[in-house]
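Notes to accompany the following structure.
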Amino acid sequence: MNSFDLIIIGSGPAGLSAAIYAARAELNFAVFDRSAVPGGQVQSTYEVDNYPGIPGVSGPELSEKMRAHCDKLGVNFITEDIVNITRENDLFTVTTSDNNNYTARAVIAATGASHRKLECPGEEELAGMGVSYCATCDGAFFRKRKCAVVGGGDVAFEDAIYLSKLARVVYLIHRRDGYRAAPTLVSQAKAVENIEFITDTVVKSINGSDMVESLTLSNVKTGETSNLEVDGIFIATGIIPVNVLFGKLADCDESGYIKADENCETSCPGLFVAGDLRTKQLRQIVTAAADGANAVTSAIRFLG
């Protein structure tokens, strides 16, 4: 059967949470994801220590627990890559790369966002083992240790200031000698004793065996290379919302995030958004899971 009341796109915490609530509401629905492995970005998280009730759980283990919960409820997962979505006569049509079409009266977009990466050796290999993209998620693991933050925008400075309260020293590395961050943030960071600034510099490689041990740096003006010993690196060079399927259906902000409040309702009737793809203050596992529940509640109201 290719016709549903609801289609959920994405199987990260937002999509899996939505699936649990949709199953309990006995909706006719399916969860679509190109990958058979659930969890989204959580899969690359070495340890999750801020999800209520499950301290110190690994990202893959938390994802497996969420997926097991869905399986227990009999959730229908379809592993196909969606290439297009259209809406006509109050009905969404989802087309996959297998040339299959599925229809639904409502859709929950839970495709998340991806961190802009450095694309240097060691980044993928040491992800979750000292390489992080979220200071508030992983900062607690670096108490009294040395870490680096890469970036020159507001998030990079906010991360550096936050980490300075935990780490022994924080190196703020930026490829230019000027910053995009708000001047007040720059002044605040420069007033912190254990934040050291490294400008005109890029990270050429992240080094280590089981954990991050050092960074190979290169000065963009002189070409000189150097080695910096650190226990962790926080990459804050930007986040890219995965909105390619939905950007033409719903209103987005200037960064590409789909506009929606806590009800997860978008400007497109019947299209709801949950998780990191939504305009919001905080992008964490716990807020993604909350969005999934809210999105289903709004979808049920819409479906009548």
Taking Val212, Val296 and counting other beta carbon atoms within 10 angstrom, the fewest-first order is Val212, Val296
Checking every Cys Cβ in the chain against the others at 4.7 Å leaves as unpaired Cys70, Cys120, Cys147, Cys252, Cys264, Cys268
One finds, for Lys144 and Asp253 with R0 = 45 angstrom and r their Cβ-Cβ distance, a FRET efficiency to the nearest 0.05 of 0.70
Percent relative contact order for the chain, counting Cα pairs under 8 Å at least six residues apart, stands at 21
Shape call for the chain, from the Cα gyration tensor axes a ≥ b ≥ c (a/c under 1.5 means rounded, otherwise prolate when a/b beats b/c, else oblate), comes out prolate
Relative contact order in percent for the stretch 117-235 (Cα pairs under 8 Å, 6+ apart) equals 33
Taking Lys248, Lys204, Lys144 and counting other beta carbon atoms within 10 angstrom, the fewest-first order is Lys144, Lys248, Lys204
Residues whose built amide H sits under 5 Å from the amide H of Ala250, excluding neighbours closer than 5 in sequence, are none
Listing Phe32, Phe302 by rising number of other beta-carbon atoms within 10 angstrom, fewest first, gives Phe302, Phe32
Restricting to aspartates and glutamates and to Cα separations under 13 Å from Lys72, and discarding same-chain partners fewer than 8 apart, the set is Glu64
Violations at 23 Å Cα threshold for listed pairs Lys165/Lys190; Lys117/Lys144; Lys144/Lys221 -> Lys117/Lys144; Lys144/Lys221
So for R0 = 45 Å, FRET eff. of Glu123-Thr103 from the Cβ-Cβ r, to 0.05, ends up at 0.65
For the stretch 48-58, Karplus-derived ³J(HN,Hα) couplings (6.51, -1.76, 1.60; θ = phi - 60°; whole Hz; x for glycine and proline) come out as 10, 10, 10, 8, x, x, 9, x, x, 7, 6
Under the helix-only model (-39500 (n - 2.57) for each DSSP H run of 4 or more, divided by the residues of the chain), the mean residue ellipticity at 222 nm, to 500 deg cm²/dmol, is -7000 deg cm²/dmol
Using alpha-carbon positions, the gyration tensor of the stretch 117-235 gives root eigenvalues a ≥ b ≥ c; with a/c under 1.5 called rounded, otherwise prolate if a/b exceeds b/c, else oblate, the class is oblate
Sorted on mean Cβ neighbours within 10 Å (highest first), peptides 137-143, 182-188 come out as 137-143, 182-188
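A short reminder: the numbers here are calculations on the coordinates, not readings from a lab. Values in this document were obtained by computation on a predicted structure and should not be read as measured data. Note: ideal-geometry Cβ built from the backbone for every residue, glycine included; neighbour counts use all protein chains shown.
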